[in-house]
Amino acid sequence: MDNLLEAVSSYVILFLSENLSEHLSFHCMSHTYDVVSAAREIGIQSNLSEDEMSVLLVAAWFHDSGYTNIYIGHEEESKKIARNFLENYGCEKSFIDAVLSCIDSTKYPPKPFSLLDKVLCDADLYHLTRPNFSNYEKAIRQEFEKYLGLIYTDEEWLVKNCNFLKDHKYYTDYGQNILTKFKEVNIQLIKCSE
């Protein structure tokens, strides 16, 4: 597992640093690092086995690599990039399929089935719990403007953010029992009306 994870992280870091647009203010290299770290934390708290952690962390590294090629539908591109690397590395089909399933579960709106899917979905939105959440929401707003042509007034953006935060649910026990409490703090801090 360690050799594979080392190879994957080295590859993805180089791949993203060479191919990711500088205009991606949210889905940048630091987002990938954040998701990998969050996946590790949630995976440990979810008592994943070593093999499950390997699938999870490989999926976390690759989950947004498709942004190098396309914005809408990036998950399919991420799966292609992951499959190509993992097949060339000599991974078993069942391992590759599990990684691709995890990546696929992060499509919005997320539809996680397995515990691994749930952990990766929670890790992908871990930033909702962070004290510097406002930095993340500003970055995603910039991306929405640049890549989707969605321009919001400050008031519209606040309403959109509040609705997203209030409607969002974590899937793992750790997410529901721990992360939700921190997300609730951010809901209060950005002054969402009831």
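The values are calculated or read from the model by the stated rules, or taken from the named source; none is laboratory data. Owing to the predicted nature of the structure, the values given are computational and were not obtained by experimental measurement. No Cβ is skipped: glycine too gets one built from the backbone with ideal geometry, and neighbour counts run over all protein chains shown. For the accessible areas, the whole protein counts, side chains as well, though only heavy atoms, and no ligand, DNA or RNA atoms are used. Shrake-Rupley method; radii C 1.70, N 1.55, O 1.52, S 1.80 Å.
Couple of notes before you dig in:
- Where a residue in region 35-56 is under 17 Å from ASP104 (Cα atoms) and its partner, wherever it lies, is among the acidic types (Asp, Glu) and in a helix (DSSP H, G or I), with Cβ under 8 Å and at least six apart: VAL35/ASP124
- Count of region 149-173 residues, restricted to those that are assigned to a helix (DSSP H, G or I) and open to solvent by 40 Å² or more (accessible area, probe 1.4 Å), is 11.
- Looking across region 53-91 at every residue that is of a type in the set (Val, Ile, Thr) and touching a helix residue (DSSP H, G or I) at 6+ places or on another chain (Cβ under 6 Å), the one that is modelled with the lowest pLDDT is identified as ILE70.
- Residue match in region 108-130 (condition: closer than 21 Å to VAL12 by Cα, among the aromatic types (Phe, Trp, Tyr) and out of contact with any strand residue (DSSP E or B) (no Cβ under 7 Å at 6 or more places or on another chain)): yes
- Filter result (closer than 18 Å to LEU4 by Cβ and crowded, with 20+ Cβ neighbours inside 10 Å) within region 36-51: VAL36, ALA39, GLY43, LEU48
- Whenever a residue of region 14-34 is under 18 Å from LYS146 (Cα atoms) and among the aromatic types (Phe, Trp, Tyr), its partners that are open to solvent by less than 80 Å² (accessible area, probe 1.4 Å) and outside any loop (DSSP other than H, G, I, E, B), lying with C-beta atoms within less than 6 angstrom and at least six residues away or across chains, give the pairs PHE26/ALA139; PHE26/ILE140; PHE26/GLU143.
- Selection count where residues are touching a Lys or Arg at 6+ places or on another chain (Cβ under 7 Å) and part of a helix (DSSP H, G or I), scope region 174-194: 1
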